[in-house]
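Read the structure below first, then the notes.
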């Protein structure tokens, strides 16, 4: 299968030579991942999966290329992407190691630089995915409307089909406005969209690198909120970000609201205690 993918991707048109080794890699939950090595020692990273939404990896490639254009944070270079013989994405292989020295400070500063790339509206030119869950990105001039209609409500309705009932959820949705600053102060920032520790690594221990984006333009606080969801980043990351671009007053009060979206998505993907966590978040604001 991998040889067929390489042939379909026309990898031989790059400087990658005859395939010598295929190493299966761990870490992903929706794709199979491999390190490919040629007879000259050059390497590529391949992710693929037979049960994936057919355009998921093509949209991921588009997002990586868009992030690369900003010349801020490092992302893997896209080598090839396609749907046959099954969806695949071939990227440059990057050697990662444990973060050293000021690597998290660098990540904070560069993330602030990424967020300064802006648009006139919230959303993105095409819908994409949060994990395997479809993510709606229809452009909107209102951040609160976008967050309510394109982020929370689709996840809530999907969760309801899986048996999760959140008390007073409609009251919560109707009262979102009071937790946000004036919309004129919410810049539509280019977001990674799925920024947790599992989607960040450090090239040679020092160069921050992002992957697996769920790209769109939105409130920059939503990226920062998600960094706190699964254990958080070191304090030096948040300090460096705030030095580069101070956050608005009240941002601490919006962290859980913003994290309701990934919590609901995790419930829809994996079930379990994420449903209880979602209910707790809503109750804490009512």
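Going residue by residue through region 27-49, is there one that turns out to be in a loop (DSSP other than H, G, I, E, B), over 18 Å from the mean Cα position of the chain (by Cα) and closer than 30 Å to residue 188 by Cβ?
The answer is no; no qualifying residue exists.
To keep it simple, each residue is scored yes or no on (1) loosely packed, with under 15 Cβ neighbours inside 10 Å; (2) touching a residue at least 40 places away in the same chain (Cβ under 8 Å).
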| site | (1), (2) |
| --- | --- |
| 58 | no, no |
| 61 | no, no |
| 69 | yes, no |
| 73 | no, yes |
| 78 | no, no |
| 83 | yes, no |
| 102 | yes, yes |
| 117 | no, yes |
| 122 | no, yes |
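Restricted to region 39-56, and to residues there that are touching a strand residue (DSSP E or B) at 6+ places or on another chain (Cβ under 8 Å) and surrounded by fewer than 18 Cβ atoms within 10 Å (Cβ to Cβ), the residue that is nearest to residue 209 (Cα to Cα) is 43.
Let's see how each residue does on (1) buried (at least 17 other Cβ atoms within 10 Å of the Cβ); (2) touching a helix residue (DSSP H, G or I) at 6+ places or on another chain (Cβ under 6 Å):
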{"site": "159", "(1), (2)": "yes, yes"}
{"site": "162", "(1), (2)": "no, no"}
{"site": "172", "(1), (2)": "yes, yes"}
{"site": "175", "(1), (2)": "no, no"}
{"site": "188", "(1), (2)": "yes, no"}
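On the basis of being over 28 Å from residue 32 (Cα atoms), in contact (Cβ under 8 Å) with a residue 12 or more places away in the chain and crowded, with 20+ Cβ neighbours inside 10 Å, does residue 88 make the cut? No.
Identification of helices (runs of 4 or more DSSP H) wholly contained in region 168-286 with 2 or more residues that are within 23 Å of residue 76 (Cα to Cα), without any contact (Cβ under 8 Å) to a residue 40 or more places away in the chain and not assigned by TED's automatic domain parsing to the domain that holds residue 77 yields 221-227.
The values are calculated or read from the model by the stated rules, or taken from the named source; none is laboratory data. Small disclaimer: the values here were computed from a predicted structure and weren't measured. Note that each Cβ is placed from the backbone with ideal geometry, even for glycine, and that neighbours are counted across all protein chains shown.
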